[in-house]
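Laboratory data are not the source of any read-out in this text; all were calculated from the coordinates shown. The structure displayed is predicted, hence computed values, not measured ones. No Cβ is skipped: glycine too gets one built from the backbone with ideal geometry, and neighbour counts run over all protein chains shown.
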Amino acid sequence: MKERYCEGASRMAKLILEKAEDLKKTDGAALVFPHRSVDGDCIGSSCAVTSVLRMLGVNAWVCMPEELPDNMDFLKVEDLLFYPPEGFAEGDLMVNGKHYDLAFSVDCSEGHRMGEENCKIFEIYDEALDIDHHEVSHLSSEMKWIDPGSSSACEMVWYTVLKISELMGKSVNEIVDVRTAKCIMAGIVTDTGRFTYSNTKPETLEAAGALMELGGDITEVCYNLFDLKTPEEFAISNAACSQARFCCDGKLAIAAVTADMFKQYNARHDALAGVVEKLRDVGGVEFSCVLREVGDNTIRANLRSKTDFDCSEFAEKYGGGGHKRAAGFNVTGKDINDLADEIVREASKFL
C-alpha cells in the first residue's frame, strides 16, 4: 500500500470492522450518505462502502437524496439504494425493517450538502464514520478520514478495502466483486476526468489497474459516464453550448438552461453531463459555469476552472463547495438570468 494512505486507511478499516461487529450484535442498520447533485464519485464510493458492509454481514443501504442518473444505470445498484420517505427523520428510523444505528458519509462531511431530508437524518447522530477528499478544516475526529490530496473518495475507499482484506486475512477479490470494482472505478474516472486532471497520481493509476483485474471494466465505465447520450441529452447539451456567453475577454464561459429548455427537449435535469467541461476547454476560458433550473424554484450551478481560479472558494459564497478546479452550489428564489449576470460580475473580480 502507498505510504501516504497507510495511517488513514488502517484507521478507517479498523473502525469499519469494529462497527460491523457492533451492528451484527444488534441486527441494526447502517445508512451511507452521499452528497446531493450525485456524481460518479459519491455514488461509486457510497455503493462500494455499502457492498463491503453487506459482505461483512451488516444491513446497509445508501440513503439517496435524489434519483440515480440514467448514465449510472449500468452499475446495477438498485438493491443498495434507500429513498427515505418525507418525515423519515421524525419517525422510528426503521430502514427496511431494521433500526438505523450507524451513519457513514462519503465524498462529503457536512449534512447541508446531502439535501434537506438526508441532512435531518444524518444530523440525528453526533458522530458518523466519514471518508472524504474535500477540504473541511473545521472537522476533526478519529471517525473521519479527510484527505484533500486524494483524487477521489473512491480511491480512499479502495485503499481502505485493501487494509480490510489484510486485517481479515482474505484476498481482496473475496471482498470486492465485479459490481463493487465498477463502482470504485466510476468514482476514480469521474473525479480525475479519465486520468487527465492534475489530481491523478501514481497511486491512482495503481488502484485503477487493480480494479481492472477485479472486473472494473474501464471502457464500459467511461463510455456510460462520459460518452453515452440519449437523443434528448445530445440535443439539450448542444443547445446549452450554443447559447453560452463568453465574458471577461473570453476568460469566462457561462450557460443558463431554463426549465422551459428541459421541456422543449424532453430532457431530464441531469442531462447536461460534460457541458461545463466543454465550455472550460474552449481556448482562453479559465472559468466555466453551467446553471440549470431543476424545479422547486431551485437553480443548480456547476463550476470548472483550469488555472488559478478557485471554484470551491467561489461556490462557498453561495453555500456550496467542492474542489479548486470543480465545485457547485444550489440557490433558491433567484431568476436564472439575474444569477448568471451576478456570477459574471463576481467572477470578473478574479479573472
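Tell me, what ³J(HN,Hα) does each residue in segment 336-343 have, in order and in whole Hz, if you take phi through Karplus 6.51 cos²θ - 1.76 cosθ + 1.60 with θ = phi - 60° and put x for Gly and Pro?
5, 6, 5, 5, 4, 5, 5, 5
Arranged by the count of other C-beta atoms within 10 angstrom, fewest first, what order do C248, C311 take?
C248, C311
Go ahead and estimate [θ] at 222 nm for the chain from helices alone: -39,500 (n - 2.57) per DSSP H run with n ≥ 4, summed, over the residue count, rounded to 500.
That calculation yields -12000 deg cm²/dmol at 222 nm.
Using θ = phi - 60° and the Karplus curve 6.51 cos²θ - 1.76 cosθ + 1.60, what whole-Hz ³J(HN,Hα) does each residue of segment 303-310 get, with Gly and Pro shown as x?
Those phi angles translate into 10, 9, 8, 9, 10, 8, 5, 8 Hz.
Would you grab the residues whose amide H sits under 5 Å from the one on V62? Only those 5+ places off in sequence or on another chain, please, with H modelled 1.01 Å from N.
V32, L81, F82
Quote to one decimal, in nm, the extra length available between D126 and K334 on full extension: 0.36 nm per residue of separation minus the C-alpha distance between them.
Length gained between D126 and K334: 71.5 nm.
Mind checking which of K251, K76, K278 has the largest fluctuation in a GNM of the chain, springs on alpha carbons under 10 Å?
K76
About the Cα centre of segment 3-225, how large is the charge dipole given +1 on each Lys and Arg Cβ and -1 on each Asp and Glu Cβ? Please answer in debye to the nearest 20.
Once rounded to the nearest 20, the dipole reads 540 debye.
What list of ³J(HN,Hα) couplings, whole Hz, do you get for segment 12-21 from phi and the Karplus terms 6.51, -1.76, 1.60, once you set θ to phi - 60° and write x for glycine and proline?
5, 4, 5, 5, 4, 5, 5, 5, 4, 5
Would you please give the residues with an amide H less than 5 Å from that of T298, counting only those at least 5 places away or on a separate chain, with H modeled from the backbone geometry?
Under 5 Å from the amide H of T298: no residue qualifies.
Dipole of segment 63-161 (Lys/Arg Cβ +1, Asp/Glu Cβ -1, origin at the Cα centre): which of N96, A153, Y83 lies farthest to the positive side?
Selected residue: A153.
Say the cut-off is 26 Å between C-alpha atoms; which of K251/K317; K14/K98; K170/K324 go over it?
Correct reply: K170/K324.
For E116, E110, E3, E342, what's the fewest-to-most ordering of other Cβ within 10 Å of each Cβ?
Ordered by Cβ neighbours within 10 Å, fewest first: E3, E116, E342, E110.
For a 27 Å ceiling on Cα separation, which of these pairs sit above it: K24/K144; K182/K229; K120/K349; K120/K182; K120/K334?
K120/K349; K120/K182
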